[in-house]
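Enquirer: So that we are looking at the same thing, I have put the structure below in structure tokens.
The values are calculated or read from the model by the stated rules, or taken from the named source; none is laboratory data. Bear in mind that the values here come from a model prediction, so they are computed numbers and not experimental data. For neighbour counting, all protein chains shown are included, and Cβ atoms are generated from backbone atoms with ideal geometry for every residue, glycine included. For accessibility, only protein heavy atoms count, side chains too; no ligands or nucleic acids. Shrake-Rupley method; radii C 1.70, N 1.55, O 1.52, S 1.80 Å.
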Amino acid sequence: MKYARITGTGSYLPPTALSNNDLVARGVDTSDEWVVERTGIRSRHIADETQAASDLALEASRAAIASAGITAEKIDLIILATSTPDYIFPSTACLLQSKLGVRGAAAFDVQAVCSGFAYAITVAEKFIRSGSHRCALVVGTEVFSRILDWNDRGTCVLFGDGAGAVILEASDTPGILASALHADGSYNEILAVPGNVCGGRIIGSPFLQMDGQAVFKFAVKVLADVAKEALDQAGVKPEEIDWLIPHQANIRIIQATAKKLGMPMEKVITTVEHHGNTSAASIPLALDAAVRDGRIKRGDTLLLEGVGGGFTWGAVLLKF
Ligand code: UT7
């Protein structure tokens, strides 16, 4: 088995959707016009108080397992990307495993913020290509609404909750063709939740803080560079990509990246309008949406790419 290939996808959005006008009605000092013009976001889903990241992950995972036509018992590796875990420990991957009702598979979390899914699927691919594991469940799940300061209009309008999952299996037919991951920790302060728990108190801040313009500039530069790096590794040209599935943070970042790659927006999957930025969940959510509505077909060449806090960034090129 030479390759690791996606054999199923799934996703889940909490039922409550809040429009920009709903946020205004709840007292956020913003307007639908500002948010749509600057970000492309019209609404986002928000988990209710009873739903944790592992609950969203469970629904997405069940859908991915069903779409792959397997049972959860077949999974021998669970890698879950999140920055909003249920607990400090155990990992959300272990809680998900318990909720799936299975035991024994290796399970751990990956923390790379909005690049989390690109990191997680790349790690899973290495396990499968090494021959040590054959069937991975790779999940991105977030409840970012829990770490938003609803008085900070510069950040609270941008994010939403959700989960996406894929099953990645050993295969003789090509799957993941190339991947590139990077980080530059010297940029840790431009996007952070700079708090921790110590002696029963929160030290620092439990809320997301961001220098929006610095993040914007950084994202546009590194997303185009890392996409080219993954393409060069595999000897694939941008025009050979059927679908670009970028992290869904801001439609203007997505448009700028597509332009740099010379890709028309017709070949770019976007969900940011209705999901907002769901961090590690955004790529698998967009992937699953486009698989289920029939745009993405077996054999298509896909380029996934993410960028987020750390700073971290990465791209994954694959045959679906
Ligand atoms: O996964 C990565 C996560 N983060 C991102 O991708 C974010 C990247 N950055 C961005 O998307 C943009 O920088 C934002 C959408 C966050 C902000 O857009 P901007 O064009 O950079 O606006 P700005 O921060 O320069 O603010 C412009 C004005 C300011 O008012 P003044 O000082 O010009 O009077 C802000 O106070 O817009 C104001 N503003 C708002 N007004 C209405 C900021 N947030 C809002 C808001 N509603 N929600």
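Enquirer: Which of the residues spanning the range 207-221 are within 12 Å of the ligand (Cβ to nearest atom), of a type outside the set (G, A, S) and not in a strand (DSSP E or B)?
Expert: Hits for the range 207-221 are L208, D211, Q213, V215, F216, K217, F218, V220.
Enquirer: Also: Residues that are away from the ligand (no atom under 16 Å from the Cβ) and open to solvent by 30 Å² or more (accessible area, probe 1.4 Å), at least 3 per element: which strands (runs of 3 or more DSSP E) completely within the range 158-206 meet that?
Expert: The qualifying strands (runs of 3 or more DSSP E) are 195-198, 201-204.
Enquirer: Does E240 count as surrounded by fewer than 20 Cβ atoms within 10 Å (Cβ to Cβ), within 16 Å of the ligand (Cβ to nearest atom) and in contact (Cβ under 8 Å) with a residue 24 or more places away in the chain?
Expert: So E240 fails the test.
Enquirer: Going by the structure shown, is A224 more than 10 Å from the ligand (Cβ to nearest atom), over 17 Å from the mean Cα position of the chain (by Cα) and surrounded by 22 or more Cβ atoms within 10 Å (Cβ to Cβ)?
Expert: No.
Enquirer: Considering only residues that are within 16 Å of A249 (Cα to Cα) and charged (D, E, K, R), look in the range 270-320 and name the one that is surrounded by the fewest Cβ atoms within 10 Å (Cβ to Cβ).
Expert: Among those residues, the one meeting the criterion is E273.
Enquirer: Step by step: first the residues of the range 12-71, then only those that are closer than 15 Å to D161 by Cβ, touching a residue at least 40 places away in the same chain (Cβ under 8 Å) and within 16 Å of the ligand (Cβ to nearest atom), then the one that is farthest from the chain's Cα centre (by Cα). Which residue is that?
Expert: L23
Enquirer: Scanning the range 125-157 for residues that are of a type in the set (S, T, N, Q), assigned to a helix (DSSP H, G or I) and touching a strand residue (DSSP E or B) at 6+ places or on another chain (Cβ under 6 Å), which turns out surrounded by the most Cβ atoms within 10 Å (Cβ to Cβ)?
Expert: Applying the filter and picking the extreme gives S145.
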